[in-house]
Amino acid sequence: MPDSASDVSAWLSLAAAWGLGAGRVAVVGARFQPPADATSPPALQADAVEIAEIRLQGELPLSVACADWTLDPLATAAGTLHARITDAHWLFDADVTVPIRDGAVDFDEVGVAHVGPDSRMGVSRMGIYVDAPNGRTYLFQFEQPTVAGVQLEQRSSWLGAWVADRGRLALQPFVQGLLRQTAAPRVGHGPTEQARQLLGRTAVRGDLQLGDGELGGPGARVQLSGRAQGHNQVALQAQAVGQGLGLSLDRLRAEDLVIELPAATLHAQALHGQLEAHLHLAAGGAPQLTLRAAQLRLEGVRLTAG
């Protein structure tokens, strides 16, 4: 822990040793706050910290990716995802459109367009499926019949058992539960082998307006804000989802950032700027995550020892 404002550069050097590289860093109004008494830790405060071209790259541990996350901003997310599947054996080439409204995917509104009769997506007790001209194919198989955030398909009670309602998926509870289950996957559950092959031939683009609320995971949490002003809109893009996914957030706005470091706690009253993230996937290897902040400003910053 620095013992004076002049030690800010030494603290940033320590951050670099952790794999954090910064192009430009400006600290505004830095000051050291000594302990008020024997029980109070010392702290380094700043009116603001401005960062440009900061990059963090490394392996994404399973313990972090599949932890107990809080994803409140997904509860009211809205947007549209577009996928292009090339030479899909069960669909030919296909264009998939997935509207997201009020934090949920209504499979009755999902379109799967291709040569010949279009296909339909839905969700049953077994998992998420595609009904194509040559039959039903499961893309993701559930570990148990009851899954958080999933409203199952409903079949007609007369004139045959056709599907009257394709089902619905609420993003926040579904993704939170999925991450927890992925930490200890079971054979025969999760993405099917056919789905894994399809993801290698699937390009994705889309925009997702996140809602306000807490975004938190292992050792960190933040409150996203500013949805009404158009902040926190995420652009997603991937040439092949099976190889990785990129996202950019040009108008990040958040409050009450808390990061638990090995020997200190970082708190910022507010932050805003531009962020990019790229998740790289390799067969048989650990996921690699690259984070880049083109511009980032933290306000009301406090670094407390202990």
Based on this model, can you work out whether Asp37 counts as open to solvent by 40 Å² or more (accessible area, probe 1.4 Å) and free of Cβ contacts under 8 Å to residues at least 12 places away in the same chain?
yes
Flagged in region 244-297 as open to solvent by 60 Å² or more (accessible area, probe 1.4 Å) and at positive phi, in numbering order, are Asp256, Gly284
Filter region 234-267 down to the residues that are farther than 18 Å from Leu74 by Cβ and among the hydroxyl-bearing types (Ser, Thr, Tyr) and list them by number.
Thr265
Across region 120-163, which residue is modelled with the highest pLDDT among those that are open to solvent by 40 Å² or more (accessible area, probe 1.4 Å), more than 19 Å from Leu74 (Cβ to Cβ) and among the small types (Gly, Ala, Ser)?
Ser157
Surrounded by 15 or more Cβ atoms within 10 Å (Cβ to Cβ), in contact with a helix residue (DSSP H, G or I) (Cβ under 7 Å, 6 or more places away or on another chain), at pLDDT 90 or above and closer than 26 Å to Asp93 by Cβ: does that describe Arg166?
yes
Subset tally (residues that are buried (at least 16 other Cβ atoms within 10 Å of the Cβ) and either in contact with a helix residue (DSSP H, G or I) (Cβ under 7 Å, 6 or more places away or on another chain) or in a loop (DSSP other than H, G, I, E, B) (or both)) for region 106-119
1
Looking only at region 77-97, decide whether some residue is more than 19 Å from Ala203 (Cα to Cα), part of a strand (DSSP E or B), among the aliphatic types (A, V, I, L, M) and within 20 Å of the chain's Cα centre (by Cα).
yes
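Please go through region 227-243 and give me each residue that is closer than 21 Å to Gly273 by Cα, surrounded by fewer than 17 Cβ atoms within 10 Å (Cβ to Cβ) and over 16 Å from the mean Cα position of the chain (by Cα), ordered by number. Explain how you work it out, then say what you get.
At the first step, the residues of region 227-243 found to be closer than 21 Å to Gly273 by Cα are 227-237.
Still in the running and surrounded by fewer than 17 Cβ atoms within 10 Å (Cβ to Cβ): 228-230, 235, 237.
Once the filter is applied, which keeps residues that are closer than 21 Å to Gly273 by Cα, surrounded by fewer than 17 Cβ atoms within 10 Å (Cβ to Cβ) and over 16 Å from the mean Cα position of the chain (by Cα), region 227-243 yields Ala228, Gln229, Gly230.
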Provide a single number: the residues in region 200-216 that are of a type outside the set (A, V, I, L, M) and either closer than 17 Å to Gly79 by Cβ or touching a helix residue (DSSP H, G or I) at 6+ places or on another chain (Cβ under 7 Å) (or both).
8
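The values are calculated or read from the model by the stated rules, or taken from the named source; none is laboratory data. Computed from a predicted model, the values in this text were never measured in an experiment. Backbone-built Cβ (ideal geometry, glycine too); neighbour counts: all protein chains shown. Accessible surface areas use protein heavy atoms only, side chains included; no ligands, DNA or RNA. Shrake-Rupley method; radii C 1.70, N 1.55, O 1.52, S 1.80 Å.
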